[in-house]
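Everything on this sheet refers to the single structure shown next.
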Amino acid sequence: MKKTCMGNSDAFAEVIREHQGLLYKVSAIYTNNEQDREDLFQEIVYQLWKYFDSFRNESKISTWMYRVAMNTAITHLKKSKRIPKSEPIKESLVSMAEGTDDLFQERVRLLHRQIEKMNSLEKGIMLLLLEGKSYQEIGEITGLNTSNVGTRISRIKEKLRKNMVKT
């Protein structure tokens, strides 16, 4: 059994169990089909295990995991030289309020379609924003400084506004 600075393989398995939802979300947003999602999920878990020793508790474990997951996903796309095709974001990725009206649900679907058209970094930023992450946390995960995160989010929102008015 491999010992790490955070504990043993049991500790790693527990961390994965506790945070598997974020790994599935990252896998889903950067892939087009179930097989690719499974492959990417496994690659992310492998990378997390490989670098588990390097986690220094300087940030939350979820922040570190998002960063590893997103970097792995982007690297995976570059290696395979695949450009992700648009596929609807599953309802499970972004929770929708129950009992909402049809107009609201249609607007959420339209927003999802626009997010699917974004580049990898923009998709990641929007995923984190929709997850309720602060600009600081998004910066820690993406490697951007906080003001750059704010600027990018403003630009993404403006792009969404323009594109949603056109459709």
Q: Scan region 122-167 for residues that are of a type outside the set (S, T, N, Q), closer than 20 Å to Tyr24 by Cβ, touching a residue at least 40 places away in the same chain (Cβ under 8 Å) and in a helix (DSSP H, G or I) and report the count.
A: 6
(Q) Which condition from (1) under 19 Å from Gly139 (Cα atoms); (2) at pLDDT 85 or above; (3) open to solvent by 20 Å² or more (accessible area, probe 1.4 Å) is the one that Arg56 breaks? (A) (2)
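Does Ser134 satisfy the condition of being modelled with pLDDT of 90 or more and hydroxyl-bearing (Ser, Thr, Tyr)?
So Ser134 fits the description; yes.
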Q: Identify the residue in region 14-48 that is touching a residue at least 40 places away in the same chain (Cβ under 8 Å) and more than 24 Å from Asn119 (Cα to Cα) and, among all such residues, is surrounded by the fewest Cβ atoms within 10 Å (Cβ to Cβ).
A: His19
Q: Could you look through region 137-167, keep only residues that are among the hydrophobic types (A, V, I, L, M, F, W, C) and surrounded by fewer than 17 Cβ atoms within 10 Å (Cβ to Cβ), and pick out the one that is modelled with the lowest pLDDT?
A: Val165
Q: Go through (1) modelled with pLDDT of 75 or more; (2) in a loop (DSSP other than H, G, I, E, B) one by one and return the number of the condition Met96 breaks.
A: (1)
Q: For Leu77, state whether it is modelled with pLDDT of 50 or more, closer than 14 Å to Asp36 by Cβ and buried (at least 17 other Cβ atoms within 10 Å of the Cβ).
A: yes
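Taking the condition more than 18 Å from Asn71 (Cα to Cα) and out of contact with any strand residue (DSSP E or B) (no Cβ under 6 Å at 6 or more places or on another chain), does Gln136 pass?
On the way: more than 18 Å from Asn71 (Cα to Cα): no; out of contact with any strand residue (DSSP E or B) (no Cβ under 6 Å at 6 or more places or on another chain): yes.
For Gln136, the condition - more than 18 Å from Asn71 (Cα to Cα) and out of contact with any strand residue (DSSP E or B) (no Cβ under 6 Å at 6 or more places or on another chain) - is not met.
The values are calculated or read from the model by the stated rules, or taken from the named source; none is laboratory data. As the structure is a computational prediction, the values presented were derived from the model and not from experiment. Neighbour counts run over all protein chains shown; Cβ positions are idealised from the backbone, glycine included. We work out accessible area using only protein heavy atoms, side chains counted, and drop any ligands, DNA or RNA first. Shrake-Rupley method; radii C 1.70, N 1.55, O 1.52, S 1.80 Å.
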